[in-house]
């Protein structure tokens, strides 16, 4: 799904809701861009990125918004759990890998830095040939075709895929429960 910009009016309304009274002026409508995209695995939920372009590098904050509820993505799994508790999670074979990828990207409070290795066609546009070759090597060894999804009897899912663990790519198995909880078990080197 593509990112869409907020209008000036939407930006001001959102800033009014999330602006801290202790940090006035950090985000003002004139120097703030807000973009959003719907998430296919959360019903009626937007992933929102707020950027202050007046500082270098730009200061970014990320949120989830469903109706009047706004959740700051603070690196914990609490915002995702809160949405799941509200019944927003839609886990299907078509959305479970997207949920897993998003969860790995936004939940950073765990012992290892773990990302789902899911090459995207956009990554093939590297200008630096060294990075392009590294990417091509990894893509040739692990790719979208290596991701398998199986529904479990409890209606949860098991996903076999390549993951990046602290910079090293290894196969792993992820178990995703119907309430959104995820456990990832690494299988060292193949």
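A short reminder: the numbers here are calculations on the coordinates, not readings from a lab. Worth saying up front: this structure is predicted, and the values here are computed from it rather than measured. When we count neighbours, we look across all protein chains shown, and the Cβ atoms used for this are built from the backbone with ideal geometry, even at glycine.
Quick look at the values:
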{"quantity": "Binned Cα-Cα distance frequencies in region 1-92 - 10 Å width, integer %", "calculated": "16, 48, 29, 7, 0"}
{"quantity": "Gained length - residue 94 relative to residue 154, 0.36 nm times residue gap less alpha-carbon distance", "calculated": "19.9 nm"}
{"quantity": "Mean Cβ count within 10 Å, highest first, over the residues of peptides 60-73, 96-109", "calculated": "96-109, 60-73"}
{"quantity": "Inter-probe distance in nm under a simple model that places probes 7 Å from Cα toward Cβ, at residue 169 and residue 82", "calculated": "3.6"}
